Amino acid sequence: MGMYDGLHVLIASSRERSHHGQSSIDATEHPPPATGKLIDLSWIMSVVRVEHGRIVEEWEILGRLEIMRQLGLIEAPVLTGKA
């Protein structure tokens, strides 16, 4: 799925990947060891800038906290409905 405004393209993708250790999704100073767990990456979005029909820049938007939750490194927040 994508949207185009004449200069930028917004791309929403759906994919799953097995966690094999350090990668672009968990590139930190101290990455967690490989878990082999399947990670749902359906909420990742990319924004690309297009010039003359070619991609010249790309920004990937992802939630590292969600990846850490799926790997079992943090607990999911408990929503209480209270402000």
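None of the figures in this text is laboratory data; all of them are computed from the coordinates on show. A quick note: this is a predicted structure, and the numbers were derived from the prediction, not measured. Backbone-built Cβ (ideal geometry, glycine too); neighbour counts: all protein chains shown.
Calculated FRET efficiency, residue 15 and residue 80, Cβ-Cβ r, R0 30 Å, to nearest 0.05? Once the sixth-power term is evaluated, E becomes 0.40. For the pair residue 35 and residue 54, label points projected 7 Å from Cα toward Cβ lie 4.0 nm apart.
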